[in-house]
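Only one structure is covered here, and it is reproduced in the block below.
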Amino acid sequence: MEQDNKPIVGAVYGVYVEELRKYGAYQILEVLKGSICYIALDYLEPEPPKEEILPDLRPFYRERFRYHHALAMEYISNDRIPGDYIFCGVCPPVTNKSCDVYGGDKWGYGMEYLFEMDWRQGEAKQKENYKKYINSGEWVNLAKGSFRKGEPVLTTELYSAAEHNFSVELFPCVTRVEIEGPNQEILDCIAGASLIHSFRWTSPQTEVLDFRNLQQIHSFELDGTGVKRIYLPDDVRYLKLTGKLQPELQIIGKTIGLNLSMEDADLCNYGLSDVRNLLVFKIKELDMREVPCLFPELRSLSLWGKPGIINNMEALEKLPYLRELIISDLFGFSAEDMKVLERIPDLRGLDLYSIPKEAGMAVKKTWKRKLDYLEVKRLRSDDWLKENLENPFRDWDGSEFVPVAAYKKTIRQYKKTKKQLEQANTKEEAVAAVQEYGLNFNRLNRQYDQFIETDEREDLFCVLEQLYEQFLKDKKLIDLNEILDVLDEIRDEW
């Protein structure tokens, strides 16, 4: 059955969920100008649904964690049906309930089915206790402090307060682990916690990390500094590596379609053979020829510069399965180089931010209305690059959240604070410069309608940390935490 690319109310599409190797189904509930509302249907089978069964399909409900019989529907600002969706037919909408969830500009690919499947596989008593205590307001008194019984994160502090005897009976709502330091024994404590799905470990201070007894965890964020071998449980979906990684690091485990993220690291696959989605942060320079050699199965490639340079863009054509390309704050390529995209057979989406103006304009002209989604923003001229490559606030230039006048005044204050900290010879001079920095952004935030929100606040603290490392650290006038505390104490509600 054929259907053009225009959405219609009631249309049902089969969607292949790679992680489950089955088809789910979505139905369009509402069509607006440039956007649609769609809902997941209670269908998960080896083949897309046949037209004759469509009237019998019902909504898919979410029960996991804080959900209670909630419909899986959302609005997206994209009315172009993805090219790999399979049109199954049209039937009356399965619900007339209104939707108040906005999901961005990308269609779904079955994550609601996958996450609900994880929940269903959890131990029954643990799921019951999670629902019972997540909003209970009860507290647990330990030898070294009191904690909410509904605490969602197992931290180093909580683990120590429990005197290394953490249990899911005491804290049944823990779903994440975030620890630091050499705490190998914590792995045994959480082996039976079936609802814990993500694990973050900083400064492990060990050569071997072995997570094979944590089969319930699908997401890991690991500081790999000094680590030589990592054993993963089966079917890990997401792995983020940070820190100073050694070339001889080996990662061992049965992964299917892994999402791999690396921060400020030399490109390497560390023995992983089936990486489908790759995200690399803080790139200074990248030879694109390395990517297909290390990760030939890629479906999605995301590259974020520090900013940085990409060489040999033509090597992208050696990624035959690539569907999505995201590039941000990277330069060194031209409009001619971007013609390689026409030689990628299954390309479906492009997100390009802060790239050379000539290359971005060519992509817009070539690919408009030809992909499932296309975003090309904040194109940079050669003059802009010369002026801003070393500017830590460059992302504010052209941001829809930062007024132009506020950005210009931010740059003036940055240059002034940079000069003051460079010339500071006493602790008092350093503190005074930071206080002025904070007071100025208090004024700017009031003047320009409270434009400093989470991302902008993080930028302001990160820039101050960079200035400390550059100008104050070696002078030993004051430590970093003191500097950051000065800013934290003086800032208003931003």
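Check whether at least one residue in region 280-297 is open to solvent by 50 Å² or more (accessible area, probe 1.4 Å), at pLDDT below 95, in contact with an Asp or Glu (Cβ under 7 Å, 6 or more places away or on another chain) and of a type in the set (Lys, Arg), and report yes or no.
yes
Okay, residues lined up against (1) of a type outside the set (Gly, Ala, Ser); (2) surrounded by 13 or more Cβ atoms within 10 Å (Cβ to Cβ):
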position	(1), (2)
Glu18	yes, yes
Ile28	yes, yes
Ile39	yes, yes
Pro59	yes, yes
Arg64	yes, yes
His69	yes, no
Ile86	yes, yes
Cys91	yes, yes
Gly110	no, yes
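Could you grab me the full set of residues in region 140-164 that are out of contact with any Lys or Arg (no Cβ under 6 Å at 6 or more places or on another chain), outside any loop (DSSP other than H, G, I, E, B) and either surrounded by 12 or more Cβ atoms within 10 Å (Cβ to Cβ) or at positive phi (or both)?
Correct list: Leu142, Gly145, Phe147, Arg148, Leu154, Thr155, Thr156, Glu157, Leu158, Tyr159, Ser160.
Exactly one of (1) under 29 Å from Gly349 (Cβ atoms); (2) assigned to a helix (DSSP H, G or I) is unmet by Lys132. Its number?
(1)
Which one is surrounded by the most Cβ atoms within 10 Å (Cβ to Cβ), of the residues in region 41-57 that are in contact with a Gly (Cβ under 8 Å, 6 or more places away or on another chain) and among the hydrophobic types (A, V, I, L, M, F, W, C)?
Only one residue fits best here, namely Leu41.
Collect the residues in region 50-103 that are more than 22 Å from the chain's Cα centre (by Cα), outside any loop (DSSP other than H, G, I, E, B) and in contact (Cβ under 8 Å) with a residue 12 or more places away in the chain, keeping them in residue-number order.
Glu51, Leu54, Pro55, Pro59, Tyr61, Arg62, Leu71, Ile86, Phe87, Cys88, Gly89, Val90
Return the pair list, or none, for Cβ contacts closer than 7 Å from residues in region 357-384 that are within 27 Å of Ile86 (Cβ to Cβ) and among the hydroxyl-bearing types (Ser, Thr, Tyr) to residues that are in a strand (DSSP E or B) and open to solvent by less than 30 Å² (accessible area, probe 1.4 Å), at least 6 apart or on different chains.
Between residues of region 357-384 that are within 27 Å of Ile86 (Cβ to Cβ) and among the hydroxyl-bearing types (Ser, Thr, Tyr) and residues that are in a strand (DSSP E or B) and open to solvent by less than 30 Å² (accessible area, probe 1.4 Å), the close pairs are Tyr373/Gly349.
Could you list, in sequence order, all residues of region 371-389 that are within 25 Å of the chain's Cα centre (by Cα), under 30 Å from Arg412 (Cα atoms) and open to solvent by 30 Å² or more (accessible area, probe 1.4 Å)?
Result: Lys377, Arg378, Leu379, Leu389.
Do any residues in region 118-145 that are farther than 13 Å from Leu170 by Cα and touching a residue at least 60 places away in the same chain (Cβ under 8 Å) have Cβ atoms under 7 Å from those of residues that are open to solvent by less than 40 Å² (accessible area, probe 1.4 Å) and polar (S, T, N, Q), where the two are at least six apart or on different chains, and which pairs are they?
Every condition considered, the pairs that remain are Gly122/Ser194; Glu123/Ser194.
Give region 165-217 a look and list any residue that's part of a loop (DSSP other than H, G, I, E, B), under 11 Å from Leu154 (Cα atoms), aliphatic (A, V, I, L, M) and touching a helix residue (DSSP H, G or I) at 6+ places or on another chain (Cβ under 8 Å), or say none.
Of everything in region 165-217, just one residue is part of a loop (DSSP other than H, G, I, E, B), under 11 Å from Leu154 (Cα atoms), aliphatic (A, V, I, L, M) and touching a helix residue (DSSP H, G or I) at 6+ places or on another chain (Cβ under 8 Å), namely Val168.
Where residues in region 85-113 are over 24 Å from Leu371 (Cβ atoms) and of a type in the set (Gly, Ala, Ser), which of them is modelled with the lowest pLDDT?
My answer is Ser98.
Since Asp397 meets every condition but one in (1) at pLDDT 95 or above; (2) closer than 30 Å to Leu464 by Cβ; (3) more than 22 Å from the chain's Cα centre (by Cα), which condition does it not meet?
It is condition (1) that Asp397 fails.
Looking only at residues that are in a strand (DSSP E or B) and in contact with a Pro (Cβ under 8 Å, 6 or more places away or on another chain) in region 218-248, which one is nearest to Ala265 (Cα to Cα)?
Asp223
Within region 467-482, which residues are open to solvent by less than 100 Å² (accessible area, probe 1.4 Å), closer than 17 Å to Lys419 by Cα, part of a helix (DSSP H, G or I) and not basic (Lys, Arg)?
Across region 467-482, the qualifying residues are Leu467, Tyr468, Glu469, Phe471, Leu472.
Only one of these conditions is not met by Gln420: (1) free of Cβ contacts under 8 Å to residues at least 24 places away in the same chain; (2) closer than 16 Å to Ile483 by Cα; (3) open to solvent by 100 Å² or more (accessible area, probe 1.4 Å). Which number is it?
Of (1) free of Cβ contacts under 8 Å to residues at least 24 places away in the same chain; (2) closer than 16 Å to Ile483 by Cα; (3) open to solvent by 100 Å² or more (accessible area, probe 1.4 Å), only one is false for Gln420: (3).
Of (1) in a helix (DSSP H, G or I); (2) open to solvent by 40 Å² or more (accessible area, probe 1.4 Å), Glu493 satisfies all except one. Which?
That leaves (1) as the condition not met.
Between Glu138, Glu128, Glu163, which is more than 18 Å from Ile217 (Cβ to Cβ) and touching a Leu at 6+ places or on another chain (Cβ under 8 Å)?
When all the criteria are applied, what remains is Glu163.
Can you go through Lys357, Lys368 and tell me which one is open to solvent by 40 Å² or more (accessible area, probe 1.4 Å), basic (Lys, Arg) and closer than 24 Å to Asp459 by Cβ?
Lys357
Take region 196-215 and flag every residue that is open to solvent by less than 10 Å² (accessible area, probe 1.4 Å) and closer than 24 Å to Glu169 by Cβ.
Of everything in region 196-215, those that are open to solvent by less than 10 Å² (accessible area, probe 1.4 Å) and closer than 24 Å to Glu169 by Cβ turn out to be Ile196, Phe199, Trp201, Phe211, Leu214.
For region 327-346, give me each residue that is open to solvent by 20 Å² or more (accessible area, probe 1.4 Å) and within 26 Å of the chain's Cα centre (by Cα).
Gly332, Asp346
Name the one entry in Glu456, Glu428 that is open to solvent by less than 40 Å² (accessible area, probe 1.4 Å) and of a type in the set (D, E, K, R).
The unique qualifying residue is Glu456.
Which members of region 165-179 meet the condition of being of a type outside the set (A, V, I, L, M, F, W, C) and open to solvent by 40 Å² or more (accessible area, probe 1.4 Å)?
Asn165, Glu169, Arg176, Glu178, listed by residue number.
Among Phe401, Phe393, Phe441, which is in contact with a helix residue (DSSP H, G or I) (Cβ under 8 Å, 6 or more places away or on another chain), exposed (fewer than 13 other Cβ atoms within 10 Å of the Cβ), aromatic (Phe, Trp, Tyr) and in contact (Cβ under 8 Å) with a residue 12 or more places away in the chain?
Answer to the check: Phe401.
The values are calculated or read from the model by the stated rules, or taken from the named source; none is laboratory data. Remember, predicted model here, so these are calculated numbers, not experimental data. Please note: Cβ atoms are built from the backbone with ideal geometry, for glycine as well, and neighbour counts cover all protein chains shown. The protein model used for the area step is the full one, side chains on, heavy atoms only, and it has no ligands, DNA or RNA in it. Shrake-Rupley method; radii C 1.70, N 1.55, O 1.52, S 1.80 Å.
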